[in-house]
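**Student:** Sharing a structure with you now.
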Amino acid sequence: MADHLSGYRGKDSVRWPQPTLRNRLLEAMTPEDLTLIAPHLRAVELNLRDVVIAPGLPAASCFFVEEGVVSVATMDRPARIELGLVGREGLVGAMPVLLGDGRSPYAHIVQMPGRGLAIPSQALRAAVARSASLQCLLLAYVQAQALQLAESIYAQAALNLDARLARWLLMCQDRVSGDAIALTHEFLSIMLGVQRAGVTLALQGLEGAGLIRARRKRIEILDRGGLEALTEGSYGVAEAAYTRLVEGDRAEAGSEGFRPPPAA
């Protein structure tokens with residue numbers, strides 16, 4: 001696993017060049033707030049298995065994800081457990097940087113490669129200190145992220161394996177384009193907190209029910225509604241909160257909801 005740890009810059013880090021917004025938090029910002037942070041943004045590649053924020057170390061940068069998925073997981077413990085996901089809807093490092101001392105006990109690991117916009121944590125804090133509207137937006141996102149964590153704890157404690165897998169697949173699909181998801185059995189075993197044999201059995205169960213089609217390192221969602229029904233309400237709480245808190249009036253005016261639109 002490639003450990004960039006604190007100070008992560010990724011491959012080919014460059015000043016943010018594009019005028020088109022591909023991250024939904026950035027899209028939700030006022031022009032004035034975006035102007036505050038734009039000079040500090042750097043485009044970075046998010047490479048598979050990169051640790052962008054290491055547990056216990058200061059988070060030098062936060063990351064607005066544009067493509068790909070970063071997971072929040074336990075490391076260096078008897079069991080590696082997936083706690084949350086961040087994709088194009090979010091900001092990696094929001095909780096530790098905006099609420100605490102800039103450290104997290106959990107690893108933030110790239111599980112689906114892509115790209116993002118890095119911002120020094122100090123610059124982000126300074127921008128938040130200057131703008132009440134930016135502070136409100138990012139804290140609203142943190143609230144939605146906290147709800148996602150709470151639902152993950154509930155699912156791990158109360159739901160069976162098939163229900164937990166259904167929830168994670170829905171969360172992953174929310175953060176990619178289309179119905180096909182590139183997932184390894186290793187990542188799925190961390191998500192579910194089981195051995196790979198358990199992953200195989202769970203995939204077979206969902207495939208037998210006609211909900212997914214599983215291929216090597218690729219899962220196609222066939223029946224999203226059926227997967228949602230399996231989750232027993234553990235999927236949808238954090239997602240609805242994100243739409244309400246972060247997108248606000250845009251969501252009421254006819255946004256597609258939490259799930260990002262297909263990439264251009």
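**Student:** Is there a quick way to get the dipole size of region 34-77? I mean about its Cα centre, with the Cβ of Lys and Arg at +1 and of Asp and Glu at -1; what is the value in debye to the nearest 20?
**Tutor:** It works out to roughly 140 debye.
**Student:** Also: Using the Cα centre of the chain as the reference point, and only Cβ charges (+1 on K/R, -1 on D/E), how large is the resulting charge dipole? Debye, rounded to the nearest 20.
**Tutor:** That gives the chain a dipole magnitude of about 680 debye.
**Student:** Sticking with this one: Take the Cβ-Cβ distance between Gln195 and Ala146 as r, set R0 to 30 Å, and report the resulting FRET efficiency rounded to the nearest 0.05.
**Tutor:** After rounding to 0.05, the efficiency reads 0.55.
**Student:** Taking +1 at the Cβ of each Lys and Arg and -1 at the Cβ of each Asp and Glu, which of Ser61, Gln111, Pro31 sits farthest along the dipole of region 11-154 towards its positive end, judged by Cα position relative to the Cα centre?
**Tutor:** Ser61
**Student:** Looking at the chain as a GNM with Cα springs under 10 Å, which of Ser131, Ser234, Ser71 has the largest mean-square fluctuation?
**Tutor:** The residue with the greatest mean-square fluctuation here is Ser131.
**Student:** Hey, another quick one. Give the residue from Gln148, Asn47, Ala129 lying farthest towards the positive end of the charge dipole for the chain; charges sit on Cβ (+1 for Lys and Arg, -1 for Asp and Glu) and the dipole is referred to the Cα centre.
**Tutor:** Of Gln148, Asn47, Ala129, it is Asn47.
**Student:** Follow-up. Measure nothing but the geometry: give the 0 to 90° angle between the long axis through the Cα atoms of 121-130 and the longest principal axis through the Cα atoms of the chain, rounded to 10°.
**Tutor:** Approximately 60 degrees, to the nearest ten.
**Student:** Expressed as a fraction of 2.2 N^0.38 Å, the rule-of-thumb size for a compact globular protein of N residues, what is the C-alpha radius of gyration of region 165-208? Don't jump to the answer; show the numbers that get you there.
**Tutor:** Values: Rg = 10.3 Å, N = 44, 2.2 N^0.38 = 9.3 Å.
Relative to the 2.2 N^0.38 Å estimate, region 165-208 comes out at 1.11.
**Student:** Can you give the three extents of the C-alpha atoms in region 24-167 along their principal axes, from longest to shortest, in whole Å?
**Tutor:** Extents along the principal axes, in whole Å: 46, 27, 26.
**Student:** Using alpha carbons only, how many angstrom separate the centre of region 77-131 from the centre of region 133-176?
**Tutor:** First find each Cα centre; the distance between them is then 15 Å.
**Student:** Sorted by packing (mean other beta-carbon atoms within 10 Å per residue), highest first, where do 102-114, 164-176 land?
**Tutor:** Descending mean neighbour count gives 164-176, 102-114.
**Student:** Relative to the first principal axis of the alpha-carbon coordinates of the chain, what is the inclination of helix 196-208, with its axis defined by its Cα atoms, in degrees from 0 to 90 and to the nearest 10?
**Tutor:** Helix 196-208 sits at roughly 80 degrees to that axis.
**Student:** How high is the relative contact order of the chain, given as a whole-number percent (alpha carbon pairs under 8 Å, six or more residues apart)?
**Tutor:** Values: 497 pairs, mean separation 50.7, N = 264.
With pairs under 8 Å counted, the relative contact order is 19 percent.
**Student:** Helix 132-158 versus the longest principal axis of the chain: what is the Cα-based angle in degrees, 0 to 90, to the nearest 10?
**Tutor:** Taking the Cα atoms of the chain, the angle to 132-158 is about 20 degrees.
Rule-based calculations on the coordinates, nothing more; no lab input. Quick caveat: nothing in here was measured; it's all calculated off a predicted structure. Neighbour counts are summed over all protein chains in view; Cβ atoms, including those assigned to glycine, are modelled from backbone coordinates with ideal geometry.
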